[in-house]
């Protein structure tokens with residue numbers, strides 16, 4: 001089954017404790033992206049990757065890091081999480097031609 | 001930067017009736033893509049319908065159709081014969097062109113279908 005998976009689905013952590021949210025896709029897509037969803041703001045792009053070892057900033061990259069060492073994986077790293085990073089996070093992938101496929105979302109709470 | 005505006009935070013519709021969600025966008029591009037995504041309570045993002053700007057014909061997917069007005073930069077979604085399963089948040093999204101790979105989203109409209 002073609003899909004984008006994210007782990008964990010839910011995470012509660014404390015300020016300053018490094019965390020990684022994993023994202024994996026099995027559709028051989030070149031493009032992968034991370035979004036955060038906040039009430040009243042819709043989804044905003046954090047980082048994206050156009051291929052292995054090629055990443056770039058989206059609209060809200062501060063406080064986040066990414067890497068793309070393999071085509072299928074695109075982890076999101078929060079080196080020192082803060083409460084303003086409490087949000088719902090989505091990973092997405094696509095061929096770049098039209099539709100993006102979204103993962104199930106990760107609900108992150110930073111205390 | 002592209003901006004997408006959804007001016008209706010919430011809408012309610014009776015089952016079997018029709019509801020129309022509005023979306024406007026701002027861009028200087030000539031070729032681009034527009035999308036409507038549905039997010040039910042499960043939080044999964046589901047593509048409802050897409051429209052390529054170079055196509056004048058409005059896209060239709062079963063009970064979902066769009067009214068694309070390029071000059072007015074308007075992209076509304078019509079849900080006909082509303083069903084309880086249509087209850088969700090709906091997001092309008094813009095993509096600049098093929099391989100730009102950046103979706104710009106509106107704030108969303110919550111649609112509630114009443115039995």
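Nothing in this text is a laboratory measurement; each read-out follows from the coordinates by a stated rule. Note that this is a predicted model, so its numbers are computed, not measured. As a convention, Cβ positions derive from the backbone with ideal geometry for all residues, glycine included, and neighbour counts pool all protein chains shown.
Could you give the radius of gyration (one decimal) and Dmax (whole number) of the Cα atoms in the protein assembly as shown, in Å?
So, for the protein assembly as shown, Rg and Dmax equal 17.6, 52 Å respectively.
At a Förster distance of 30 Å, what's the computed FRET efficiency of residue A:5 paired with residue B:63, Cβ-Cβ distance as r, to 0.05?
Efficiency for this residue pair is about 0.50.
Hey, what did segment A:15-60 get for relative contact order, percent, Cα under 8 Å, at least 6 apart?
28
Counting other C-beta atoms within 10 Å, which of A:93, B:82 has the fewest, and how do the rest follow?
Ascending Cβ contact count within 10 Å gives the list B:82, A:93.
In whole Å, what three semi-axes, largest first, describe the equivalent ellipsoid of segment B:50-107 built from its Cα gyration tensor (square root of 5 times each eigenvalue)?
Semi-axes (√(5λ), whole Å): 22, 15, 10.
Among B:103, A:11, B:34, rank each residue by its count of other Cβ atoms within 10 Å, from fewest to most, as a rough exposure measure.
A:11, B:34, B:103
When a/c reaches 1.5 or more, the comparison of a/b and b/c decides; with that in mind, is chain B rounded, prolate or oblate per its Cα gyration tensor?
Cα axes put chain B in the prolate bin.
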